[in-house]
Amino acid sequence: MSTTTSPPTPTESVEPPNGTKSLVRGTLPRWASWGALGAAAVLAGLIVRLLGFGVTPFVLSTAVLYAIGISGWSRWVEGGRKATDRAFTALVASAFLLALTPLVSVVVTVISRGLDRFDGQFFTYSMRGVVGDGGGAYHAIMGTLITSGLATLMSVPIGLATAIYLVEYGHGRLSRAITFFVDVMTGIPSIVAGLFAYALFALVFGPGTVNGFAGAVALSVLMIPIVVRSSEEMLKIVPDDLREAAFALGTPKWKVIVRVVLPTAVAGISTGVTLAIARVVGETAPLLIATGATGSTNFNPFSGQMATLSVFSYYEYASPGVPVDPSLDRAWTAALTLMLIVMVLNLVARSISLLFAPKAGR
Amino acid sequence: MAKRIDVKDLDIYYGSFRAVRSVSMTIQPRAVTALIGPSGCGKSTYLRALNRMHELIPSARVEGKVVMDDQDLYAPGMDPVDVRKHVGMVFQRPNPFPTMSIYDNVAAGLRLNNKRLRKSETDEVVEESLRGANLWEEVKDRLRKPGSGLSGGQQQRLCIARAIAVRPDVLLMDEPCSALDPISTHAVEDLMAQLKENYTIVIVTHNMQQAARVSNYTGFFNIAGTGQPGELVEIDETPTIFSTPTHTATEEYISGRFG
Amino acid sequence: MSNTGQGAATARRVRKRPADQAFRGITTGAGVLILVVLAGVAAFLLIEAWPSFVAPAEEIPGEGGLVLYIWPLVFGTLLASVLALVIAAPLAVLIALFITHYAPRKLAQFLGYVVDLLAAVPSIIYGLWGFTVLAPATRGPAEWLHEYLGFVPLFAGPPSTTGRTMFTTALVLAVMILPIVTAVIREAFLQTPKLHEEASLALGATRLEMIRMAVLPFGSSSIISGSMLGLGRALGETMAVAIVLSASGGVTFNLISSGNPATIAANIALEFPESSGVAIDTLIASGLVLFAITLVVNMIARAVINRRTDFSGAS
């Protein structure tokens, strides 16, 4: 809340000597922002009281009243430019709060709804033969681990090797083409990646081939460009000094790359890979199409449909059983689990980059 | 170890642009040869051509001969990687490998060159190289600490130790003291005086006092104008160059009238 | 180098090292593989979609032919995404300004991290939230809009009783793309040269004037590229739309009624598991169209970014 009034402006000497007058001009007292906010809140409270609205109109009208109040007061005391500045500050701060509201609401909702079924059974049981209450997402968690794991196994070598090519070898038309198409790939909608995997497997293994591996292929299409981009950035910031130092020792190029460049960039690359995993682990659409869904545990990615957390959550919501509530609870708990996985991956990525950041700076 | 290098009619090009024209000189073994000249005159480019480092820039190429030990370093089939094992290099900015400890930095050249060395052998080479670089006493208690924790001057001497650990014949130094404070510069200059007992040293420097202090021979590079190639004006024993140079351009540069 | 003595420069007479060649080959191969995969995406989609191009109109779902099937979906996709962008882009600029130039440094760092984290929240979660929380919450405002602004076609109504409208969908999409757009703009604002900022402050500018003089001109292309990136995300967003939007097909600008056009991505997700034969081919054809649209949007974004790097000389 305090952010609304963030400018504790040292309003002393920024004003230019406007022509003739003295340098000293009127300034609002230090408590001006807080005071105006309080007054705006009280006034807004009164208005909302009279009209009988809820919390949102109260907050909105407080913001509007504050902006009008503080800029008017400032215009009277400090002049037009300062007033506009204060009004804009109020606008920026309220925009921030306005944007924060839904985002906080998302997190709170997922946690509060998801905790109902966040229990041992959820993590140890599959949905095999479950009607109504009980059951769990063990099969889906395993499926998510398998598909994401396979996707990582495919994406990291390809992505990293491409990044090495782009940074260490590529100069000509080929490298420009690859750079361009990696950018294009970054923009592929996830559902299109799913369709691609479906089409590929339909052509190679016959129509309707839907399994965990197809899902992993779809995820790879989404993951490879992210890995290429982040690894490329990391390889680029390895100083040329180091490459030269190694070359000057009489080292062949591939060894310079493997023994000097990659170790120097390894923290950044792992951070990038972890974030890439976080990006695809929550994907739903491609898996819905390429991997399908099932209530039983399937450890074999090469045969039969496989449940994954995100698709599990979707189907529990989209085609609930009777009664509806146990299904919806499972959907929310699956969503919560997914969000926790993503958060943990992000935290891991962040710790990697903090822990292995080059020690003493230059 | 120390080798003599004969350079004959060396031209260096970047694409179609000729950066250095027709340099011929003999670099004496067991001596320090300093290359001086105004900025952009091609002396660093020339230095890097001596161990083929300039080839890291894709469009760079060379005409002429660099003969060391009866072998032309630019002969067809000559492997630049091997050339660099024999002609080591120290750079302007100290550049220890940040992921490696002091010890690993010195051993890096050995290990990168695929030597299956026993630990005792490596220990020996590391100590010898660090002693050779006058650094041993300062770092012997923290060999396992990262090299980036050292001071600038220590880092530069670490880089010298790393370069001499692979036992090169020639040591190229590209303005090795320009990023260092006076005290560290002094330490590195002392080191050069010792190293020339065993190595052929070529150093590029902007600092004429330094050239006068450390070198036995001095070569002066100049450039006729922007867009023109740099060329070697003259090379002679250092006292001669600094007292009675043959060319007026050399005299003007040394006395500070331009450059 | 133990053979330090004579014959030092006995370089091996090999031009290229096999290991070097192999390594170079492998990395180049990986790069080429990416090109192949991308060509594969286009090719396989084309092959699988082909039957729907040649099928008689009656066999396409809806029995009106391919164009008639896909056109309303394209309309719905564009409507939802553009609306989301119109809502999100100005907010993103303001939030980026708040984080970079108004919030205290420590708080700003933390907020930057939170924004990155929110960009990673899976879309299914936004979908469930939109369905459960936001849709019911929009009913009141929708009725208000209908009552007072009903003469505007957008709010012609009658207001949906579930709240699962185009209006809600656009809001959810806006919330979803807000973090990524903000992140792009924030990065650019952070890189505003301190010199320019101080120059304008030294002229006696207020904070707003400094922002207008130094920050916005420097970050303007990032605002465009960030918006395009967000638009691309919104266009391809599947699950959130599939869950939130109650689509009935048709083409209408009416945002708050219960009759809403579907979007391509959501339509695929909803129909695909139940489809077979030409219906699947048709869905793949619609996927191709989506691919083409996002391609164009991303290429525009890329072009803007590249122009900026040309100008500033650095990345």
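Quick notes on this structure:
- Folded to 0 to 90 degrees: helix B:152-165 orientation relative to chain B principal axis, Cα: 90 degrees
- Set of the stretch C:245-288 residues, backbone N closer than 16 Å to the point 7 Å along the Cα-Cβ line of residue C:50: C:278, C:281-282, C:284-285
- 32 Å Cα-Cα threshold exceeded, pairs from A:236/B:85; B:3/B:145; B:140/C:194; A:236/B:43; B:8/B:119; B:43/B:85: B:3/B:145; B:140/C:194; B:8/B:119
- Likely footprinting exposure, C:147, C:271, B:175, fewest C-beta neighbours within 10 Å first: C:147, C:271, B:175
- Leading residue at positive end of dipole, chain A (Cβ point charges), from A:202, A:213, A:274: A:274
- Cα centre as origin, Lys/Arg/Asp/Glu Cβ charges: the protein assembly as shown dipole, Debye: 1240 debye
- Label point distance in nm, residue A:300-residue A:131, each placed 7 Å from Cα along Cα→Cβ: 2.9 nm
- Mean per-residue shielding of peptide A:196-206 is 5, counting Cβ atoms of other chains within 10 Å of each Cβ.
- Helix-only [θ]222 nm of chain B, DSSP H runs n ≥ 4, -39500 (n - 2.57) each, per residue, nearest 500: -10000 deg cm²/dmol
- Between residue C:26 and residue C:300, the C-beta separation translates, for a Förster distance of 45 Å, into a calculated FRET efficiency of about 0.85.
- Proxy reagent accessibility, fewest Cβ within 10 Å first, across B:43, C:106, B:85, B:140: C:106, B:140, B:85, B:43
- FRET E, pair residue C:114, residue A:116, Förster distance 25 Å, beta-carbon r, rounded to 0.05: 0.45
- Rounded to two decimals, the Cα-based Rg/Rh of chain C, with Kirkwood Rh, is 1.13.
- Averaging the Cα positions of each part gives two centres, and for the stretch C:38-70 and the stretch A:187-246 these lie 26 Å apart.
- Shielding of peptide C:35-47 by partners, expressed as the average count of other chain Cβ atoms within 10 Å per residue Cβ, is 5.
- GNM result for chain C, Cα springs below 10 Å: residue of C:66, C:128, C:195 fluctuating most strongly: C:195
- The GNM of chain B, with springs linking C-alpha atoms under 10 angstrom apart, assigns the highest mean-square fluctuation among B:200, B:122, B:33 to B:122.
- Rounded to the nearest 0.05, the FRET efficiency derived from the C-beta distance between residue A:77 and residue C:201 at R0 = 25 Å is 0.70.
- Compared with the dominant Cα axis of chain A, that is its longest principal axis, helix A:173-186 is turned about 70°.
- Given charges at Cβ of Lys, Arg, Asp, Glu: the stretch B:1-93 dipole, positive-most of B:75, B:41, B:10: B:41
- Highest-MSF residue in chain A out of A:329, A:85, A:116 [GNM, Cα springs under 10 Å]: A:85
- Relative to the longest principal axis of the Cα atoms of chain A, the long axis of helix A:190-205 lies at roughly 10 degrees.
- Computed [θ] at 222 nm, helices only, for chain A once each DSSP H run of length n ≥ 4 contributes -39500 (n - 2.57): -22500 deg cm²/dmol
- Intensity falloff of the protein assembly as shown expressed as log10 I(q)/I(0), Debye formula with alpha-carbon point scatterers, at q = 0.10 Å⁻¹: -1.16
- Note on chain C: helix-only mean residue ellipticity at 222 nm, from DSSP H runs of 4+ residues weighted -39500 (n - 2.57) and normalised by residue number, equals -23000 deg cm²/dmol.
- When C:71, A:254 are sorted by how many other C-beta atoms sit within 10 angstrom of their C-beta, beginning with the fewest, the order is C:71, A:254.
- Only Lys, Arg (+1) and Asp, Glu (-1) charged, at Cβ; chain B dipole about Cα centre in debye: 800 debye
- Cα centroid of the stretch A:56-126 to Cα centroid of the stretch C:255-285, whole Å: 36 Å
- Sequence-separation-based contact order of chain C, relative, with Cα cut under 8 Å and 6+ spacing, percent: 26 percent
- Around the Cα centre of chain A, unit charges on the Cβ atoms of Lys, Arg, Asp and Glu (plus for the first two, minus for the last two) sum to a dipole of about 880 debye.
- Average other protein chain Cβ within 10 Å of Cβ, residues B:7-13: 0
- Simple rule: put +1 on each Lys or Arg Cβ and -1 on each Asp or Glu Cβ in the stretch C:49-149, find the dipole, and look at C:71, C:103, C:138; the Cα lying farthest toward the positive end is C:103.
- For the stretch B:152-213 versus the stretch B:123-150, the gap between their alpha-carbon centres in whole angstrom: 16 Å
Values in this text are rule-based calculations from the coordinates and carry no lab data. Note that the structure is predicted; figures quoted are calculated from it, not measured. Positions of Cβ are backbone-derived with ideal geometry, glycine not excepted, and every protein chain shown enters the neighbour counts.
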